[in-house]
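This report concerns only the one structure given below.
We did not get these values from a lab; they are worked out from the coordinates using the rules stated. None of these values were measured; they are calculated from a predicted model. Cβ atoms come from the backbone with ideal geometry, glycine included; neighbour counts cover every protein chain shown.
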Amino acid sequence: MKIKMSWLRKSTIGFGLLLLSTVALNSCSMGKGEIHLIPNNYEGAVLIVFNVPDGKPEKYEDGKRVYEIPENGILKTQFEFNSDWVASSDLEYYYDLGNGERKKLPYPDRPENLPTNQIQVFSKSAGDNAKNPENPTIVYLVGKYENAESLAKQKYEKTP
């Protein structure tokens, strides 16, 4: 015997699925986008330390966080750590050429997919700072993938 689903029951199930997907999407908060301004021709590890009271003040551009990386590659910022999910398309990395000019740096999902002699951003990681748990960090590498081993040593040295 076939049981026909009533219009009311179909509507209730449809509404329930819509409600469930809306709640799921809204519970995954989206982080703000990020713009990383790296000194021109810099190659090496970049370390960003968050929640530093006397660090660089928060700065935004088009609703995105702006991280101005100093020459030594270590930025201490007053920003709180952004623990929300940020799409890789909302992460922008640039060489700061001065006078407001920028050169975009690639941030590929797989660095080996680019020519190994091309400057790129790779090996990004974020986490707790063992020495100062109230100051989480992000660290990543800027350089040629063919130099990954020597760049990784810098990353290890800068990571608190």
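The table below gives the values:
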{"read-out": "Gyration tensor (alpha-carbon) shape descriptor, the stretch 24-157, a/c threshold 1.5", "value": "rounded"}
{"read-out": "Protection proxy ranking of 79-85, 52-58, 136-142 - average other beta-carbon atoms within 10 Å, highest first", "value": "136-142, 79-85, 52-58"}
{"read-out": "Computed lengthening from ASP109 to SER89, 0.36 nm per intervening residue step minus Cα-Cα distance", "value": "6.1 nm"}
{"read-out": "Computed label-point distance, nm, for sites ASP62 and ASN82 using a 7 Å Cα→Cβ extension", "value": "1.3"}
{"read-out": "Whichever aspartates and glutamates have a C-alpha closer than 19 Å to that of LYS131, once near sequence neighbours (fewer than 8 apart) are set aside", "value": "ASP54, GLU80, GLU157"}
{"read-out": "Low-density loop positions, trypsin sites (Lys or Arg not before Pro), the stretch 99-160 - DSSP coil, at most 10 other Cβ in 10 Å", "value": "LYS131"}
{"read-out": "Links that overshoot a 19 Å alpha carbon limit, given the list LYS56/LYS104; LYS56/LYS144; LYS103/LYS153; LYS56/LYS155; LYS104/LYS144", "value": "LYS56/LYS104; LYS56/LYS144; LYS103/LYS153; LYS56/LYS155"}
